[in-house]
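> I'd like to ask you about the structure that follows.
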Amino acid sequence: CNYYRNPILYLFSFLFCRSCFELLLSVSESELPCEVWVPFLQSLQESHNTLLEFGNNNLQILVHVTQEGVWKNPILLKILSQQPVETEEVNKLIAQEGPSFLQM
């Protein structure tokens, strides 16, 4: 099954990724109780692993950001605070995170 040829799978993965990303940006880790945060991270990792089986890496940025901390990625912090960022750094981030990153 090719993920890009299945519009339903593509749409679901995009909407799921976007919703999780919005959640992570709107809530700090300290605001979520551990009994909510840990299952969320486990679910995110399981979803990412399943989507990878279909060639979909849309959740890569979320997995990466949650592992290092939502507000600790230096490139994202520079972009969000409108500081100058080297084009090469941005291109590397985009390549690493996949096409859905740009759509968010």
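> Please find, within segment 21-56, the residue that is farthest from Leu93 (Cα to Cα) out of those that are part of a loop (DSSP other than H, G, I, E, B) and modelled with pLDDT under 80.
Going through segment 21-56, the residues part of a loop (DSSP other than H, G, I, E, B) turn out to be 27-28, 32-33, 53-56.
Checking which are modelled with pLDDT under 80 leaves us with 27-28, 32, 54-56.
Numbers: Val27: 23, Ser28: 22, Leu32: 27, Phe54: 22, Gly55: 19, Asn56: 17 Å.
Going through the qualifying residues, I end up with Leu32.
> So which pairs qualify, if the first residue must be in segment 26-48 and within 21 Å of Lys72 (Cα to Cα), the second must be acidic (Asp, Glu), the Cβ gap must be under 8 Å, and the two must be at least 6 apart or on different chains?
That search, which allows pairs on different chains as well, returns Trp37/Glu29.
> Quick one: is Gln45 surrounded by 18 or more Cβ atoms within 10 Å (Cβ to Cβ), out of contact with any Leu (no Cβ under 8 Å at 6 or more places or on another chain) and of a type outside the set (A, V, I, L, M)?
Values: surrounded by 18 or more Cβ atoms within 10 Å (Cβ to Cβ): no; out of contact with any Leu (no Cβ under 8 Å at 6 or more places or on another chain): yes; of a type outside the set (A, V, I, L, M): yes.
Here the answer is no, as Gln45 does not meet what is asked.
> Considering segment 57-79 alone, what residues qualify as being touching a residue at least 24 places away in the same chain (Cβ under 8 Å) and outside any loop (DSSP other than H, G, I, E, B)? Walk me through how you get there before you give the answer.
Pass one, segment 57-79, residues touching a residue at least 24 places away in the same chain (Cβ under 8 Å): 57-62, 64-66, 69-71.
The answer is Gln60, Ile61, Leu62, His64, Val65, Thr66.
> Would you check if Val63 is of a type in the set (A, V, I, L, M, F, W, C), touching a His at 6+ places or on another chain (Cβ under 8 Å) and at pLDDT 80 or above?
Numbers: of a type in the set (A, V, I, L, M, F, W, C): yes; touching a His at 6+ places or on another chain (Cβ under 8 Å): yes; at pLDDT 80 or above: yes.
Yes.
> Same structure again: Read through the list (1) at pLDDT below 80; (2) part of a loop (DSSP other than H, G, I, E, B), then give the number of the only condition that Gln82 fails.
Going through the list (1) at pLDDT below 80; (2) part of a loop (DSSP other than H, G, I, E, B), Gln82 breaks only (1).
The values are calculated or read from the model by the stated rules, or taken from the named source; none is laboratory data. Please read all numbers here as calculations on a predicted model, not as lab measurements. Heads up, the Cβs are rebuilt from the backbone with ideal geometry, glycines too, and the neighbour counts pull from every protein chain shown.
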